[in-house]
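Worksheet for the structure shown next.
Laboratory data are not the source of any read-out in this text; all were calculated from the coordinates shown. Just so you know, these numbers come straight off a predicted model, no measurement behind them. Cβ coordinates were reconstructed from backbone atoms using ideal geometry, including for glycine residues, and neighbour counts include every protein chain displayed.
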Ligand SMILES: CC(=O)N[C@H]1[C@@H](OP(=O)(O)OP(=O)(O)OC[C@H]2O[C@@H](n3ccc(=O)[nH]c3=O)[C@H](O)[C@@H]2O)O[C@H](CO)[C@@H](O)[C@@H]1O[C@H](C)C(=O)N[C@@H](C)C(=O)N[C@H](CCC(=O)O)C(=O)O
Ligand SMILES: Nc1ncnc2c1ncn2[C@@H]1O[C@H](COP(=O)(O)OP(=O)(O)OP(=O)(O)O)[C@@H](O)[C@H]1O
Ligand SMILES: N[C@H](CCC[C@H](N)C(=O)O)C(=O)O
Ligand SMILES: [Mg+2]
């Protein structure tokens, strides 16, 4: 790419651009290849400007940075007001094609589920489709584990190009608040975007709920574009604000839910592992047997159907597809039933609203006690620990407080912060022992939710990650009880 192209691609002033061009782009000096443009970004742990000289030694042909960055190198330095956005737009241009119909979803909870459901609806409509998010990239013939919910822009645009080359025409991706704030998805051409809900999360990164909300709304006010469909779940406490933001951005707002106008939820009958959903769309009533438990999955199904319809799938096909939908791995995932009939689920609730939703979801079909095993992550917002303790004490009958990725923190101190809000709980730091104890204590009619890790396959303590799977541990505990 010519440096002079940066005016059209990233809006940079033409007089400040050097002669010549570059062959690749990266924001990580460790990944620089000869001929690359190095983008120096101020980050949360270090400043990319400190590595500009290294990048030049490795063959970077220019450095792009913020107006005030201190960079002294022998190669040209290009200044941009928003270097993160410039990086994303350049990556989009460099890597080229994207699946022609991309949709993105944001919200505190439900993103992985909505992306997974939307991919399945596309697939059932006969389209070649991908999902990109917390559980990686999933597409026909492709399965890539992901480290981040929203990959960094260079990785993301490379993934999109690879998918497009592989013939994938449709994609559903998660837009995390970090991803939106750090401009990781800038440059993705979106056909539609969705919003599920907002609750307390990531307050270790965002200064307060308002700025967290503002990051989420970048999806509509900056990325989606005027006139494009914004599918918004209408029954959340933050729905009205999200609707206002999308309307102010000129999006075509399509609301879904009990208060929804595009898809209106009329009635839900809960059964143990499925629910019968009656809804109306465009004057027609549809009755769907959704093969998943939990009210929150109805919300996710509505947002997914809304996104798929907004992206061109026939409504009848979209609603029909919901009858065959599979939950995302580790989201209210039924692991098994003990001999006495008690059921065990693994769920990814690691934040207050999610824990509340999942415990409320299992209550209607629990004739005995609701039990929960959970902990809170280390090096993450400590404010959520007592809140999650309080939720467990209010909504579960048996509470086991354990470890969930203590990372660099003292695990006992994390547990103590939770225990303070749920004094009747049993504290068992060793997660394996906590799961075994909880499963062994189950009686007929009970439901156990093992919350917090979902699809994860590791436990990180003091910088060391050891293999750990709630699925495997729950299955092992169930077979021991049966033996
Ligand atoms: C807080 C956060 O989001 N950090 C992400 C961010 O790092 P950063 O920009 O703060 O980078 P930094 O480490 O301070 O370094 C600054 C710059 O120096 C560069 N550098 C650094 C060292 C070096 O030797 N050379 C060099 O050039 C870095 O590449 C970077 O450009 O950009 C990096 C590259 O994309 C990410 O890997 C990193 O994710 C960290 C590991 C992380 O844990 N992120 C989590 C919190 C996250 O993003 N989560 C969300 C939400 C999850 C959800 O709820 O679903 C997600 O989307 O996954
Ligand atoms: N619509 C919803 N409303 C409230 N809680 C939900 C909803 N959907 C899922 N949950 C809860 O949140 C957990 C995570 O769901 P999911 O992975 O779909 O969301 P996410 O937004 O991708 O989360 P993360 O940001 O952690 O990746 C689920 O296991 C469940 O406990
Ligand atoms: N993307 C989230 C996942 C948290 C999962 C939970 N198991 C924990 O470790 O807190 C984060 O990194 O904050
Ligand atoms: Mg996710």
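Things to note:
- Ranking of 176, 164, 304 by neighbouring Cβ atoms within 10 Å, starting from the fewest: 164, 176, 304.
- On full extension, the segment bounded by residue 165 and residue 282 gains 38.5 nm, given 0.36 nm per residue less the C-alpha separation.
- CD proxy at 222 nm, helix term only [per DSSP H run n ≥ 4: -39500 (n - 2.57); per residue of the chain; nearest 500]: -9500 deg cm²/dmol
- Shape category assigned to the range 153-197 from the gyration tensor of Cα positions, a/c cut at 1.5: oblate
- Length available on full extension from residue 210 to residue 259: 0.36 nm per residue minus the Cα-Cα distance, which gives 15.3 nm.
- Sites residue 394 and residue 58, calculated FRET efficiency, Cβ-Cβ separation with R0 51 Å, nearest 0.05: 0.35
- Cα long-axis angle, helix 431-440 against the chain (0 to 90 degrees, to the nearest 10): 30 degrees
- Its alpha carbons considered, the chain gives a radius of gyration followed by a Dmax of 23.6, 77 Å.
- DSSP beta bridges in the range 1-116 [antiparallel fraction, %, rounded to 5]: 20 percent
- Computed FRET value (nearest 0.05) for residue 427 with residue 274, which takes r as the C-beta separation and R₀ as 35 Å: 0.50
- Look at 263, 335, 450, 159 and count the other Cβ atoms within 10 Å of each Cβ; fewest to most, that gives 335, 159, 263, 450.
- Relative contact order of the chain, pairs being alpha-carbon contacts under 8 Å that are 6 or more residues apart, as %: 10 percent
- Length-normalised contact order of the range 268-418 in % [C-alpha pairs under 8 Å, at least 6 apart]: 17 percent
- Share antiparallel - DSSP beta bridges, the chain, percent rounded to 5: 40 percent
- Rounded to 5, percent antiparallel among DSSP beta bridges of the range 328-450: 20 percent
- Sorted by Cβ density within 10 Å, fewest first, the residues 400, 205: 205, 400
- Relative to the dominant Cα principal axis of the chain, helix 295-310 is inclined by about 40°.
- Cα shape, the range 4-83, gyration tensor, a/c 1.5 rule: oblate
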